[in-house]
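The values are calculated or read from the model by the stated rules, or taken from the named source; none is laboratory data. None of the values given here were measured: they were computed from a predicted structure. As a convention, Cβ positions derive from the backbone with ideal geometry for all residues, glycine included, and neighbour counts pool all protein chains shown. In case anyone asks, the SASA skips ligands and DNA or RNA and just uses the protein heavy atoms, side chains included. Shrake-Rupley method; radii C 1.70, N 1.55, O 1.52, S 1.80 Å.
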Amino acid sequence: MPAATVLVVDDERNILTSVSRALGLEGYDVEVAGSAEIALDKIAKQSFDAILLDVQLPGIDGLQMLDELAKREVDTPVIMMSGHGTIDVAMEAIHRGADDFIEKPIGSDRLVLALRRSLRLRALQEENEDLRRRFGAGDTLLGQSAAIQSLREQVSLAARSNAAVLILGERGTGKELVAGAIHAGSARAGGPFEKLNCAAVPEGLIESELFGHEAGAFTGATKKRHGKFERAHGGTLFLDEVGDMPPQMQAKLLRVLQDGELERVGGGAPVRVDVRVVAATNKALEKEIEAGRFRADLFDRLNVLPLLVPPLRERPSDVPRLAEHFLELACETHDRPGKKISPGAMALLAAYPYPGNVRELRNLVERLVILTPGTLIGEAEARALLPTGAADPSQRYFRPETPIREMLEAAERDLITRALRYRDGHVTKTAADLGLERSHLYKKMRALGLRKPGGD
Ligand SMILES: Nc1ncnc2c1ncn2[C@@H]1O[C@H](COP(=O)(O)OP(=O)(O)OP(=O)(O)O)[C@@H](O)[C@H]1O
Ligand SMILES: [Mg+2]
């Protein structure tokens, strides 16, 4: 890793010298500036990994400099250096976006520690942002089918309201992504997004997971603990697989939704919470209600805004866009850059019915990236990996947004190839099987660009 570059801004020459020396010894590249004006000039020409900034400067002072950096959208971490009696100003600086401050006289240990901490924090933030960009919600509901476009519109409408949302859809269709997008697009985006998978938590623990507990509420509860509801205060609580919530919990959840108040396990005063609930399930809740496994009154509370995420097989035109996206991710994750999916392979991918929906497509593409040695993922690789038999045969030849003539041609090409292979490439026998004149079959083969496999 190249050395981090640090800009030191101070009007006292001896501070510039001593700080430069200390940082130089630690292997940092150091630049100095005797005023904020000079520093801003340097920042316009070069990017720094960190800035050490004196609070008191002639001309533009430390605080004004922070504002100036914000205005220019420079998000380099800043550590303030404060002289005696300027600690309040340093605190103010933290409020305005500085990362840290150190007091003069500056000890080199303290300086290096603060710098390292800032750089590490920034690296983590960048990593987080990157992860969010790649996997998170935001605007990543990809696809151009009419179905997904309408879903995106519903998501943004739902985001603008504060009402409970119930997301329905088969496994792997993107329900969690939708929930995240609703939160990210809402006025609560700055607040927490908490998630509870109701199917994954043991029945006995679900209540304390949701509502928290007081110390001593049960064996093992040594400390007071906040539940998901309290942690989601001011934000959104995503109740995943809500159809699997035990009936007893359903009653308690209903009460919180009605009253906006909860009680931790083990008693104590009721706690007011401001939480928006978004729930999801792949179960048909109406059936669960009929069977007496889900409360109708809770359903009504959760189902204010129902959103249906359609299965992928009903929107095959989304497959190419999604496949390209997952290809890029997989190439990066597995460090195999520049792989491409051939049009033939893409057509095969688009025609597959995906019982596991988008998640299955994602896994398939990842496997293709790992298993294809060259850069081009071709038809053969795709065919080898696509689960056969599971495919609905009518889907094999279907390609989204394609004239029927082309789909029939693809089907004919495939059928003749198979028939020829069955007869070891014997054209006369194949023609007889297919009920065609031998010359007619030859003509078709030429037209379809087929050569007979092996001799005749
Ligand atoms: N429209 C989309 N655009 C981009 N990525 C998507 C889209 N839909 C789903 N995905 C991705 O597919 C995967 C599965 O999505 P998600 O976990 O949201 O599905 P789910 O419906 O919650 O599944 P399950 O019912 O199994 O919990 C995730 O990696 C998600 O990022
Ligand atoms: Mg999910």
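How large is the helix-only mean residue ellipticity at 222 nm for the chain, computed as the sum of -39500 (n - 2.57) over DSSP H runs with n ≥ 4, divided by its residue count, in deg cm²/dmol to the nearest 500?
Values: 20 runs with 218 residues, N = 456.
Estimated from H runs of four or more residues: -14500 deg cm²/dmol.
State, in angstrom, two size descriptors of the range 5-131 derived from its alpha carbons: Rg to one decimal place and Dmax to the nearest whole number.
Radius of gyration, then largest Cα-Cα span, for the range 5-131: 13.5, 43 Å.
Would you kindly find the accessible area of K339, with a 1.4 Å probe and non-protein molecules such as ligands, DNA and RNA excluded, rounding to the nearest 10 Å²?
Approximately 20 Å² for this residue.
Send over a whole-number figure in Å² for the accessible area per residue of the range 1-154, probe 1.4 Å.
Per-residue value: 56 Å².
From largest to smallest, what semi-axes in whole angstrom does the range 402-454 give when each is the square root of 5 times an eigenvalue of its alpha carbon gyration tensor?
On the way: eigenvalues 73, 24, 19 Å².
Three semi-axes, in Å: 19, 11, 10.
If I take the Cα coordinates of the chain and project them onto the principal axes, what are the three extents in Å, biggest first?
That works out to 101, 59, 40 Å along the principal axes.
Any chance you could run the full-extension gain for R110 through T140? It's 0.36 nm times the residue separation minus the Cα-Cα distance, nm to one decimal. If you can, show how the numbers build up before the last one.
Values: separation 30, 0.36 × 30 = 10.80 nm, distance 4.22 nm.
Between R110 and T140, full extension yields 6.6 nm more.
Using only alpha-carbon positions, what ratio does the radius of gyration of the range 149-310 give when scaled by 2.2 N^0.38 Å?
On the way: Rg = 15.5 Å, N = 162, 2.2 N^0.38 = 15.2 Å.
In units of the 2.2 N^0.38 Å rule of thumb, it is 1.02.
Quick one: accessible area per residue over the range 165-257, 1.4 Å probe, rounded to a whole number of Å²? Don't skip to the answer; put the middle values down first.
Details: 3820 Å² over 93 residues.
Heavy-atom SASA per residue in the range 165-257 reads 41 Å².
What number, in percent, do you get for the relative contact order of the chain if the mean sequence gap of Cα pairs under 8 Å and at least 6 apart is divided by its residue count?
Numbers: 704 pairs, mean separation 47.9, N = 456.
In percent, rounded to a whole number, it is 11.
If you only keep lysine pairs separated by 8 or more in sequence, or across chains, how many in the range 317-456 come under 26 Å at the Cα atoms? Walk me through the numbers on the way to the answer.
Details: K429/K443; K429/K444; K429/K452; K443/K452; K444/K452.
The result is 5.
For K252, give me every one of the lysines with a C-alpha distance below 26 angstrom, ignoring sequence neighbours fewer than eight places off in its own chain.
K175, K195, K223, K224, K228, K283, K287
Need the C-alpha centroid separation for the range 304-319 versus the range 66-98, integer Å.
If you average the Cα positions of each part, the centres end up 48 Å apart.
Y397: accessible area at probe 1.4 Å, nearest 10 Å²?
50 Å²
Hey, with R₀ at 30 Å, roughly what FRET efficiency would Q258 and N128 work out to, going by the Cβ-Cβ distance, to 0.05? Could the numbers behind the result be given before it?
On the way: r = 36 Å, r/R0 = 1.21.
Calculated transfer efficiency: 0.25.
Roughly to the nearest percent, how much of the accessible area of the chain is carbon and sulfur, given a 1.4 Å probe?
51 percent
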